[in-house]
Each structure stands twice: as structure tokens, then as C-alpha cells.
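Visitor: The structure under discussion is supplied below as C-alpha cells; questions concerning it will follow.
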Amino acid sequence: MRWDNLTDGDGAAAPALFAADAVTTRTFDTPEFRGITFHEIRARSIVNRVPGASRMPFEWTVNPYRGCSHACVYCFARKTHSYLDLDTGLDFDTQIVVKINAAELLRRELASRRWRGEHIAMGTNVDCYQRAEGRYRLMPGILTALTERANPFSILTKGTLILRDLELLRRASRVTDVGVSVSVGFTDPGLWRTVEPGTPSPERRLEAVRTLTDHGIPCGVLMAPVIPYLGDSPEQLRATVRAIAAAGATSVTPLVLHLRPGAREWFTAWLARHHLRLLPRYDALYGGGAYAPRWYQRRITGMVHEFADEYGIGPYRAGAHRGVTAPRATDAAPATEAPDQLTLL
């Protein structure tokens, strides 16, 4: 494994984030961690600047983990494991880097005179409430550090473990802006078991939305990814939006599957095993790059917004699930250009 000259969690060039001699490798012989190797490191930085060319509606992120046991076959962050000379498939799911000094580093970086108190987004690369968080408990320290400085932040997660930190989130919301969003792209149990095998079920995630909202933490849903030809029928979209509304979500934001290098190869291999007949249709839909055509995205977005109006979720606002303002879309953008949309786990 290569640790030197590592790029940060958002893909921007940076000096090595930690020294090779600062790595401890562990395995745990318990059912939930069987087959997973943890690489505990003392990172050199924790607040990452989003690359200037990014269309993300935030500039700073914190990522306490690299790799993710959620094992979502479409995860765009898979490419980051190649920076460690690990593969973007099975290694991404089972070789997890843990920044054990994340809270300590964050407290120091927030206290710096250079820091201006900007919004920090979490869960933008890999899930900060993935299974490993149950053992390493990095998020309580991170949330406490942000609260001490009244620093605004947002969290995007598929992990119901966020409920463990409910009181910390409530405490933070009394002193700063806190945005929480849960990712639920579909409610089909068969699709969930094959494409998101390490995550809590969509039903459990929606129960978490209800619990957060009932305890004074407004929670939106990022309806992502909408998977073409497997989860995009009007009936499926309607059922998902109906379940999201029933959970008390404050908003619903659709996002169509996108396939960046690293994720594309792993997802295509999965598709060949489970839905071989769809390969030609995916080649046609994604032949122009990582994103589905703009016409397809607009069709999905239009249907989801229609159903959201029907079930009383809204008003929809791009970026609302993060508590920040998204860049304005421009109709003049060429159809092959990456759309103005948020990037998910």
C-alpha cells in the first residue's frame, strides 16, 4: 500500500497526509467487521478544500474515513482508493483508513487564525456514519469541536448510527446552522440488497429521518441514486417519494446515478452479473461520459418534483438538504457538460 504523496479525500493534490510509519493495521473477529481491515493513521490535516473547479455548493469538507463498508456498487469515491495502490472494488469495501486523530486535528484547525468559520460538509466522500464509526467513535469528538466554535456544518449519511449522536446534534443546532440529510434513492428491498449490501435498509433510514425530525433536527432526503432501468419507473419513484413524505422529511432532492472512473468499472461488472441485458442500454445512456444525458435527468427530476408536490414535501430548493445555496444552473451549458447537481456517497 502506498501512503506517500497521497491526495486528500476530495481528489485535490496535497502533500502526504500522514507518514508511512504512523499506520497501525487491525482486524476484528466480530461478525460486523469480519473480512474488513482497518488502517489506523494519524492524519496531518482534516479540513479539506473542495477543488475550485467543483460544482459543489460548499468549499470545505471533513472526511474521517477512506473506503466504506457500505459497499455501494456505484460509489463515486471508489477512485480515491487507487491513490493508495488499492483496487477500487473489493479493497474499497474492505480496506478502511481511519483517521484516529480527526477530532484533535479539527479542534486545532478551527482555532487557527486563518480559519474564517466557513460551512463544513461531511459525508461527501465516504459515509462518516459507516459501520466503523460504531467502534472508533470519531464523530462525537468532531461534532463537539464544531459546536465549541459554533461552526456551521452539514451531514449526509446512509447510516442510522447518526441517531447515537442526536443530543450532540441538538446541542450544535442551538449555536450554529446544522443541516442533516439521509440518502434514500429507492425503497425496493431487492435492489437495496444487491447495490447497497452494507447499508441499513431504506426503511430503517426513513425511520431515522422520522426520529431526527421528531427531535427537532429537520432532516431532508437526498433521493440518490435514481438508477436507470432498475429504479426509475414512475411507480417506483412515486412509492419512494410517498415513503419519504410519510417519514416527515423536510425536502426531497433527486439525483440520477453517475458513473465516474473507478465506480464505472465496478458497477458495470455488477450489471453484467445481475442484469446483462441492460449493458447496451447503459452504454447508450452513459456513452457521453459519467453523467446521464440532461434530458433524462430533467425527466426524473420533473417526476420527483411532481410527486413531492402531491405528497406535500417542499418547496424544493437545490442544495436545501445541505443548508447551503447551490450554484445556479445555466441553460446555455452544453448537453454533454456535467450538470449542476450534488455528488453523493
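Visitor: Name the residue from Gly216, Ala145, Val175 whose Cα lies farthest towards the positive end of the charge dipole of segment 115-217, charges +1 on Cβ of Lys and Arg and -1 on Cβ of Asp and Glu.
Guide: Going by the Cα projections, it comes out as Ala145.
Visitor: Taking all protein chains as present, what is the carbon and sulfur share of the accessible area of segment 172-321, in % to the nearest whole number, probe 1.4 Å?
Guide: Accessible surface attributable to carbon and sulfur in segment 172-321 totals 54 percent.
Visitor: Here's a follow-up. Which whole-Hz ³J(HN,Hα) couplings does segment 255-261 yield from phi under the Karplus relation 6.51 cos²θ - 1.76 cosθ + 1.60, θ = phi - 60°, glycine and proline marked x?
Guide: Residue by residue, segment 255-261 yields 8, 6, 3, 10, 10, 7, x Hz.
Visitor: In whole Å, what is the distance between the alpha-carbon centres of segment 234-308 and segment 70-84?
Guide: Each part reduced to its Cα centre gives a spacing of 18 Å.
Visitor: For segment 159-237, what is the relative contact order in percent, using Cα pairs closer than 8 Å and at least 6 residues apart in sequence?
Guide: In percent, rounded to a whole number, it is 41.
Visitor: Provide Rg over Rh for segment 108-259; use the alpha carbon set for both Rg and the Kirkwood Rh (inverse mean inverse pair distance).
Guide: 1.00
Visitor: Separate question: Give the separation of the Cα centroids, segment 154-200 to segment 95-135, in Å.
Guide: If you average the Cα positions of each part, the centres end up 16 Å apart.
The values are calculated or read from the model by the stated rules, or taken from the named source; none is laboratory data. In this text, all values refer to a predicted model and were calculated from it rather than measured experimentally. Cβ: placed from backbone, ideal geometry, glycine included. Neighbour counts: every protein chain shown. Surface areas here come from the heavy atoms of the whole protein model, side chains and all, with no ligands, DNA or RNA. Shrake-Rupley method; radii C 1.70, N 1.55, O 1.52, S 1.80 Å.
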